[in-house]
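Values in this text are rule-based calculations from the coordinates and carry no lab data. Not measured: the values here are computed from a predicted model. Here the Cβ is made from the backbone with ideal geometry for all residues, glycine too, and neighbour counts use every protein chain on show.
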Amino acid sequence: MILRARTVVTMTGPPIDNGAVVVKAGRIRAVGRVSDIVAHYMGVFTDLGEQVLMPGLINAHCHLDYTMLRRAIHPPSSFTAWVQRINALKRTFDDDDYLAAIAHGFSQLRKWGTTTVLNIESLPELMRKLPTPPIRSWWFYEMIDVRSRIFTDDLLAGANIFFHQHADWLGGFGLSPHAPYTASPELYRLVAECARHTRMPLATHIAESFEEDEMFRHARGPLYEFMASLGRDMSDCGHGSSLKLLLENNILGPDWLAVHLNELDEDDFELLAQHPLNIVHCPRSHRYFSHRKFAFQRLCEMGMNISLGTDSLASNDSLSLFAEMQAVRNHEPWISAEEIVKTVTINPARALNNYEIGQIAPNARPDLICVPVAASAEQVYDAIVENEKPIEWVMIDGEKLAPLETAAA
């Protein structure tokens, strides 16, 4: 199969005007100018017209369980109030509600060109009932031990049940202690040990809100009081940031995705200089909570690998990574459009240590989308970031998905 487009964006080299991609047996075999490709390869030729052919987008942080909560919670006066409200709402839903939410979330991701999602799954028992996901998905098993201890054998057994039943699904599985205020250092260590045996990626929310920062630095505030009321051991509070807690205990490392990192001080930056991380920023969720300005430029200058995620519709309006890229452009005028596009393609692939996705290159997986804009190589990254149209043409693992209307029905 040969796919031709006005411009091909590979993410591994310069964009190619009048480019073509060869796809065969679930792999990309070649990419180049159409004249060179047709001179050396044969196959069914599909002309995609005056569009941009590029790698499918990778959403580095999402909670599909909460897709039904769009605009259900007004921007809160405090992060703790939001946590309490979402916990109350969750108790009103049953398995069918969550399964419908996940299905709708997948249709929204597909609508906006996401071909891979890193999803935090708070209800792993749903996995037994889920149909095969329509896009490549990494399912991160979310764990909390505020009220009860999780033992090594239980963790390993739970992970095996969660993951091994679906070895044929595209994507993979990971582990996610929820956050330092809901997961103990002991749980983090157990998770890291489990991941060493199973080679799974790891993710956690950290330094998300002012109230989390207040809890750990100063042993006070609404989140401190709320967690203490649940019976959490608060002896780890009052000694520095939540990031310091995990880094100085040798818990976080380059195999983790650190989600948020909104609240950082100079001590935290000094620690990060010694402990580079994969960071996931969720721009519009960040805006919803009115967090302090994300230190995007400083973290980039420190060499951190930054990816974008949408978070959930409990704190966002859509699952569009184009909207997230536009939010970055609006708030970070210093960053180039090319670097913004990397945050939803090759950067999250690097965070997963998986270079079969996020790029168009020989032997990569053919997860591809057509962005409905006509742009030359010189203009193409700006055109991608500015796109506001749904993505009609999507290919995953070499298979073209059904038209948008059918997929969303």
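For Lys293, give me every one of the lysines with a C-alpha distance below 30 angstrom, ignoring sequence neighbours fewer than eight places off in its own chain.
Straight-distance partners of Lys293: Lys90, Lys111, Lys244, Lys342, Lys389.
Among Gly56, Phe45, Phe93, which residue has its Cα positioned farthest towards the positive end of the charge dipole of the stretch 43-93, with +1 placed on the Cβ of Lys and Arg, -1 on the Cβ of Asp and Glu, and the dipole taken about the Cα centre?
Result: Phe93, furthest along the dipole toward the positive end.
Tell me whether the stretch 6-63 comes out rounded, prolate or oblate; compute the Cα gyration tensor, take square roots of the eigenvalues as a ≥ b ≥ c, and use a/c under 1.5 as the rounded threshold.
Verdict is prolate for the stretch 6-63.
Calculate how many DSSP beta bridges within the chain are antiparallel, expressed in % of all such bridges and rounded to the nearest 5.
35 percent
Starting from the coordinates of the alpha-carbon atoms of the stretch 160-289, obtain the Kirkwood hydrodynamic radius over all distinct pairs and give the value in Å to one decimal. Provide the component values of the computation, followed by the final result.
Numbers: mean 1/r = 0.0638 Å⁻¹.
Final number for the Kirkwood radius of the stretch 160-289 is 15.7 Å.
Treating only the Cα positions of the stretch 95-139 as identical point scatterers, give the base-10 log of I(q)/I(0) from the Debye formula at each q in 0.15, 0.25, 0.27 Å⁻¹.
-0.34, -0.96, -1.11
Considering only Gly26, Leu243, Met143, whose Cα is most displaced toward the positive end of the charge dipole of the chain, charges sitting on Cβ of Lys, Arg (+1) and Asp, Glu (-1)?
Result: Gly26.
Between the stretch 359-393 and the stretch 242-285, how many Å separate their Cα centres?
31 Å
What ranking do 78-84, 343-349, 127-133, 239-245 get when scored by the average of other Cβ atoms within 10 Å per residue, highest first?
The peptides rank, most packed first, as 343-349, 239-245, 78-84, 127-133.
Given charges of +1 on the Cβ of Lys and Arg and -1 on the Cβ of Asp and Glu, with all other atoms neutral, how large is the dipole of the stretch 57-351 about its Cα centre, in debye to the nearest 20?
Roughly 800 debye, rounded to the nearest 20.
Rounded if a/c is under 1.5, else prolate if a/b is larger than b/c, else oblate: which is the stretch 304-403, with a ≥ b ≥ c the root eigenvalues of its Cα gyration tensor?
Rounded, since a/c falls under 1.5.
Taking only DSSP H segments of four or more residues, each worth -39500 (n - 2.57), what value at 222 nm results for the chain once the sum is divided by all its residues, to the nearest 500 deg cm²/dmol?
Details: 16 runs with 143 residues, N = 409.
Value at 222 nm, helices only: -10000 deg cm²/dmol.
Given the options Val259, Gly172, Pro222, identify the residue whose Cα lies farthest towards the positive end of the charge dipole of the stretch 57-351 (+1 on Cβ of Lys, Arg; -1 on Cβ of Asp, Glu).
Of Val259, Gly172, Pro222, it is Gly172.
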